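Chemist: Pasting a structure here, questions to come.
Since every read-out is calculated from the coordinates, none of them should be taken as a lab result. What you see is a predicted model, and the numbers here were worked out from it, not measured in a lab. Because the Cβ atoms are built from the backbone with ideal geometry, glycine has one as well, and the counts that use them run over all protein chains shown.
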Amino acid sequence: MDYQKPRFHLSLRDGVSPDILPGMLPADRAAWNETPAFLGRPAALQRVHAAMPEASTRVVNGLEVLLDEPEGSLQELMGITGMNHLGVELVDRVEHHHAYEDRSVLPQFLSMFPEMEMAVELLERDHDFLDNVLTRSRELFLALEPEVSAKELQQVLHRHTYDEEDLLIPALLHGEVHF
């Protein structure tokens, strides 16, 4: 897999390409809520994933409001400091979540679905790409210059969490995987 191609790269793709999901259980998001098994671990995974892009949106929106504050004002300084703390906290949470997935979830998933090696490799490559975005984001948040980084983080978190759910939740719903 050439991760730099638009069909694979996290910041360029529109979703997981169906050809890397051989034999995958149906991933009909509309039907997930109707499946009794969804109320357990799958719903929890989706809530955790939803919280990350939502938090990044709050950081981006907060920073955009601060652009209207007079430069050097107390409101600007306090607002940027608050947004930076939220940004660093978001980076910490995403790093912790992905470390858990890399250490536990993805290896277990791959042991149960070895035919999904290419899809798991895609998610692992996403995590590598996200690690770089998270590192830059942390540096920019700490340097009080977070505007660009927050938007990039918002974009890639949304795409990655959605794609990860398309891979993991159908397996959880099928009852063959318990992370």
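Chemist: Roughly speaking, what is the stretch gain from Asp28 to Gln155, that is 0.36 nm per residue apart minus the C-alpha to C-alpha distance, in nm to one decimal?
Modeler: Details: separation 127, 0.36 × 127 = 45.72 nm, distance 2.28 nm.
Contour length minus Cα-Cα distance gives 43.4 nm.
Chemist: Something else about it: Among Leu110, Leu123, Leu168, what is the fewest-to-most ranking by other Cβ atoms within 10 Å?
Modeler: Details: Leu110 17, Leu123 23, Leu168 26.
Ordered by Cβ neighbours within 10 Å, fewest first: Leu110, Leu123, Leu168.
Chemist: Neighbour counts of other C-beta atoms within 10 Å: give me Leu140, Leu12 arranged from fewest to most. Provide the component values of the computation, followed by the final result.
Modeler: On the way: Leu140 19, Leu12 11.
Ascending number of Cβ neighbours within 10 Å: Leu12, Leu140.
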